[in-house]
Amino acid sequence: MENQHIDALKCDDNSRTKELYGRYRDEFFAFSRKYNIDKTDCADIYQEAFIAIRKHAISGKLHSVNSSFKTYLFGIGKHLIYNKLKDYATKSSYNPKLHNADSEYDVIQVEDEKELTEEQRLLQHHFNRLGKSCQQMLTLSFYRGLTNEEIAKQYGYESEAVVRSHKSRCLKTLKDLIKTSPR
């Protein structure tokens, strides 16, 4: 993480903090549009993410972070977006036609490939080697944050136990691919 950003957040320099806050705001709003987040909620999420990163700077947690400020901020923001989407899901009914089994899923991109750790590159490579069914299952569960029960209902599985079993097999396959991979 860039030391000048950490210092700006720690030392309570209002002008530098305000400049840093505004630097990625529009880009974050554009990023959040693909999740259909309400603009008001998006503003709240961005503010919460910025406050969280500021708390991390003050507590000293950011010195060990290897990603850029933007990547870290967007990572926190994405986590908060998923929480908000879960809130939306409990307040409204989910339309499974929006995400059918043949859908292509977004590849998670970062600013710069150099920012990925060796483990992250390995995971990304072997995830792409999995079959579509496993990619879909792991994406729905871990990336989209759906529960086994939600996946079973929305994608026509017999039960939550079938989803759990399928997810377990997919994770085992992914782990085996990673273990047998030459590093």
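Since every read-out is calculated from the coordinates, none of them should be taken as a lab result. This one's a predicted model, so the numbers in the text were calculated from it and none came from an experiment. Here the Cβ positions follow ideal geometry from the backbone for every residue, glycine too, while neighbour counts run over all protein chains shown.
A few points about this structure:
- The protection proxy used here, the mean number of other Cβ atoms lying within 10 Å of each residue, ranks peptides 67-77, 122-132 as follows, highest first: 67-77, 122-132.
- Charge context of residue 148, other residues only, Cβ under 15 angstrom, K/R +1, D/E -1: +2
- If R0 is taken as 35 Å, the Cβ-Cβ distance between residue 26 and residue 149 corresponds to a FRET efficiency of 0.40.
- Where Cα atoms sit under 18 Å apart: lysine pairs in region 105-179 separated by 8 or more or lying on different chains: 5
- Normalising the average separation of contacting C-alpha pairs (under 8 angstrom, six or more residues apart) by the number of residues puts the relative contact order of region 3-91 at 35 percent.
- Within region 1-59, the GluC sites (Glu not before Pro) that combine a DSSP coil assignment with at most 16 other C-beta atoms in a 10 angstrom radius are 2.
- Of all lysines in the structure, those lying under 22 Å Cα to Cα from residue 55, and not within fewer than 8 positions of it along the same chain, are 10, 18, 70, 78, 84.
- Within-15-Å neighbourhood charge of residue 60 [Cβ basis; K, R +1; D, E -1]: +3
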